[in-house]
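J.: Input: one structure, supplied below.
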Amino acid sequence: SVSLTFFGIYIFGIIMMFMNPHEPTAYIAPTLVGLSGAVGVIRYVLPDIVRNLKRGIFLTKRYILISISNLNYSIQRSLLLFSLMSVAVTGMLAILAANIHSPREFTTGVIGYVVVIVLLVVSIIYKLSMEGMTRKTLFLNLWKIGYTKKELKKIVRQEVISYYFVLILIPLIYIMFISGRFIYYGDMTYSFAFLYVLSYIVPIIISGFITYFQYIDAVVKPIKGGK
């Protein structure tokens, strides 16, 4: 099936890492292969999963039904940003690891990495904020048919948490395998790998909080009256 094909491509990217000799450039092709699988899963498989969940176990879940529909739409609209983030964080890991004993190149790499992460995180916040602005009418109508503001906030919270969880998870699996290979060959320490993962996850978590509050300001606060 289509689902298995794209999941298979994502897994094959990991297998390719173990087929190639260990060197920084050897992780570029496997990462791109894995990313193409991940994009396929998001673009073609995720909508089917969401559709089946909405018809099945989530049919009577009044919060999840809405948040998962919004989540699917937001992720589909962010595919390019997801792809750029994945390529940036996996690619920069190999570059930094290769230059860890060359202070000048390593410092340049760190600065480049920070700039790229900040730009992508800001772009994602902006993208989701714009998505939130387009949903004012949806949330107003939900309030009119009986949802409380507390329930609307819960819908937003579920969507934002799920969105950033997917954003963290897709590259994280590859980061773990790549750093594991570098550690195995003695080219990276556990502390460096841990700090690198933190440097990726923490900005995304912070952006998640920013997105949540901006989203609430856009769709819940304008609603006058009620609780």
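The values are calculated or read from the model by the stated rules, or taken from the named source; none is laboratory data. Note that the coordinates shown come from a computational prediction; the quantities given were computed from them, not determined experimentally. All Cβ positions, even for glycine, are placed from backbone atoms using ideal geometry, and neighbour counts span all protein chains on display. Protein only, heavy atoms only, side chains kept; ligands, DNA and RNA dropped before computing areas. Shrake-Rupley method; radii C 1.70, N 1.55, O 1.52, S 1.80 Å.
J.: Two-decimal Rg/Rh of segment 124-198 from alpha-carbon positions, Kirkwood Rh?
T.: When Rh is taken as the Kirkwood radius, the ratio is 1.27.
J.: By per-residue mean of other Cβ atoms within 10 Å, what is the highest-first order of 116-127, 34-45?
T.: Most protected by this proxy first, the peptides run 34-45, 116-127.
J.: I need the Kirkwood Rh of segment 1-105: take the reciprocal of the average 1/r across all distinct C-alpha pairs and report it in angstrom.
T.: 15.8 Å
J.: Need the list of aspartates and glutamates near LYS149 for cross-linking: C-alpha distance under 18 angstrom, and skip anything on the same chain fewer than eight residues off.
T.: GLU159, ASP217
J.: Report in % the part of the accessible area of segment 184-227 that belongs to carbon and sulfur, leaving out ligands and nucleic acids; probe 1.4 Å.
T.: Roughly 73 percent of what the probe reaches on segment 184-227 is carbon or sulfur.
J.: Can you give the Rg to Rh ratio of segment 99-145, both from alpha-carbon atoms, with Rh computed by the Kirkwood formula?
T.: Computed over Cα atoms, the ratio is 1.46.
J.: Here's a follow-up. Taking the inverse of the average 1/r across all pairs of different Cα atoms in the chain, what Kirkwood radius in Å do you get?
T.: Over the chain, the inverse of the mean reciprocal pair distance is 19.1 Å.
J.: In whole Å, how far is the Cα centre of segment 167-227 from that of segment 99-127?
T.: So the two Cα centres are separated by 15 Å.
J.: Determine one quarter of the surface area of the Cα convex hull of segment 134-175, which equals its mean projected area, and express it in nm² to one decimal.
T.: Mean projected area of the Cα convex hull: 3.4 nm².
J.: Same structure again: Determine the share of segment 1-155's accessible area contributed by carbon and sulfur atoms, expressed in whole percent, with a 1.4 angstrom probe.
T.: C and S atoms contribute 69 percent here.
J.: Sticking with this structure for a sec: Return the single residue from ARG62, ARG104, ARG77 with maximal mean-square fluctuation; model: Gaussian network over the chain, springs between Cα atoms under 10 Å.
T.: ARG104
J.: Over segment 84-168, what is the relative contact order in whole percent, taking alpha-carbon pairs under 8 Å and six or more residues apart?
T.: Reported relative contact order: 21 percent.
J.: P(r) for segment 1-50, please, calculated from all Cα pair distances in 5 Å bins and given in %.
T.: Histogram of Cα-Cα distances, whole percents per bin: 5, 25, 27, 17, 12, 8, 4, 2.
J.: Still on this structure: With a 1.4 Å probe and all protein chains left in place, how much accessible area per residue does the chain have, in Å²?
T.: 54 Å²
J.: Determine the equivalent ellipsoid of segment 36-162 by diagonalising the alpha-carbon gyration tensor, then write out the semi-axes as square roots of 5 times the eigenvalues, largest first, rounded to whole Å.
T.: 37, 17, 11
J.: Using just the helices of the chain, give the 222 nm mean residue ellipticity in deg cm²/dmol: DSSP H runs with n ≥ 4 each add -39,500 (n - 2.57), and the total is spread over all residues, rounded to 500.
T.: After summing the helix terms and dividing by the residues of the chain, the value is -27500 deg cm²/dmol.
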